[in-house]
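K.L.:
My structure is below; once you've seen it, I'll send some questions.
No lab work stands behind these numbers, since they all come straight from the coordinates. Remember, predicted model here, so these are calculated numbers, not experimental data. Quick reminder, even Gly has a Cβ in these numbers, built from the backbone with ideal geometry, and neighbours come from all protein chains shown.
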Amino acid sequence: MLIAMDGPAASGKGTLAKNLAAHYGLAHLDTGSLYRAVARDLMAAGKPLDDEEAAVDVTRSLDPDTLSDPGLRTPEVGQAAAKVAKIGAVREALHKFQRTFASKPGGAIIEGRDIGTVVCPDADVKIYVEASTDVRAERRHKELLEAGHDISYDEIHAQIAARDEADRSRKISPLKPAEDALLLDTSDLGIEAAFEAAIKLVDTKLLQR
Ligand code: CDP
């Protein structure tokens, strides 16, 4: 089974995808970490975020073992990721990696912005996770405070809104629900309730096939 999960920043996709992966025994890929890693490596090389040639070089030499580096989860890297995500050649190279992952024999759940629309249009189940900007900013603020970052709620709110706008309005692979995506609004749902709602969506969809 292949599950494609998309949604805006801090919508709760990460936790949900991890839980679904454990429940259905699927491999899990957070594609945001790929774009974050390209941004991190580009900044470490002292290159501007719109240097296409350097970004492609960095993408080609990306080390998959560094994708769980906690340094990827900072607000700065998130904003930088949205900039490198506009570069078509970077997206193409990362799409190859994602499609190889999607073809894993045991099945997979892949989360990002363009998984149901571009990377895996034939996924068995597509879920688009939403939540209000206020709720998403609250969740991300709490997460960052817990990880020791000193940043205000208002700053996070503004960053999330700006990143959503950039992701939705870009020309290549913009953030949007696939036509056949199942919508899941987690604004009023805690982690457990969102997990149960997602299982229900997946199981119902599988029965219809
Ligand atoms: O964790 P959060 O929802 O804040 O973001 P993320 O999933 O780690 O993604 C960081 C950035 O990478 C996004 O704002 C997008 O600009 C970009 N991205 C993308 O363009 N396509 C994807 N499939 C995943 C992420």
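K.L.:
Roughly how many debye, to the nearest 20, is the charge dipole of the chain about its Cα centre, given +1 on each Lys and Arg Cβ, -1 on each Asp and Glu Cβ, and no other charges? If you can, show how the numbers build up before the last one.
P.N.:
On the way: 27 positive and 35 negative charges, 109 e Å.
That gives the chain a dipole magnitude of about 520 debye.
K.L.:
Return the tail of the calculated pair distribution for the stretch 142-209, meaning the percent of Cα-Cα pairs more than 17 Å apart.
P.N.:
Values: 1501 of 2278 pairs.
Distances greater than 17 Å cover 66 percent of the Cα pairs.
K.L.:
Now a separate question. Using the eigenvalues of the Cα gyration tensor, what equivalent ellipsoid semi-axes result for the chain when each is taken as the square root of five times the eigenvalue, whole Å, largest first? Don't skip to the end; give the middle numbers.
P.N.:
Details: eigenvalues 133, 91, 46 Å².
Three semi-axes, in Å: 26, 21, 15.
K.L.:
Given the Cα atoms of the stretch 1-72, and with Rh set as the inverse mean 1/r over their pairs in the Kirkwood sense, what is Rg to Rh to two decimals? Show your work: numbers first, answer last.
P.N.:
Working: Rg = 14.3 Å, Rh = 13.7 Å.
Looking at the stretch 1-72, the ratio lands at 1.04.
K.L.:
Can you pull out the GluC sites (Glu not before Pro) in the stretch 157-209 that DSSP calls coil and that have at most 10 other Cβ atoms within 10 Å? Present the calculation step by step, with values, prior to reporting the outcome.
P.N.:
Working: sites: 165, 179, 192, 196; in loops: 179.
Hits after loop and neighbour filter: 179.
K.L.:
List, in the order given, every pair from 86/176; 47/176; 176/200; 13/47; 96/126; 18/200 whose Cα-Cα distance in the structure shown is over 24 Å.
P.N.:
Result: 47/176; 13/47 exceed 24 Å.
K.L.:
Would you mind pulling out the separation of the Cα centroids of the stretch 74-120 and the stretch 143-194, in Å?
P.N.:
16 Å
K.L.:
Given H placed 1.01 Å from N in the peptide plane, which residues other than close sequence neighbours of residue 127 have an amide H under 5 Å from its amide H?
P.N.:
Result for residue 127 returns 4, 5, 6, 182.
K.L.:
Still on this structure, I have one more. So how strong a dipole does the stretch 79-142 carry about its Cα centre when Lys and Arg Cβ are +1 and Asp and Glu Cβ are -1, to the nearest 20 debye? Walk me through the numbers before you get to the answer.
P.N.:
Numbers: 12 positive and 8 negative charges, 60 e Å.
About 280 debye.
K.L.:
Among 166, 4, 119, which residue has its Cα furthest toward the positive end of the charge dipole of the stretch 2-202, with +1 on Lys/Arg Cβ and -1 on Asp/Glu Cβ?
P.N.:
Toward the positive end, the furthest listed residue is 119.
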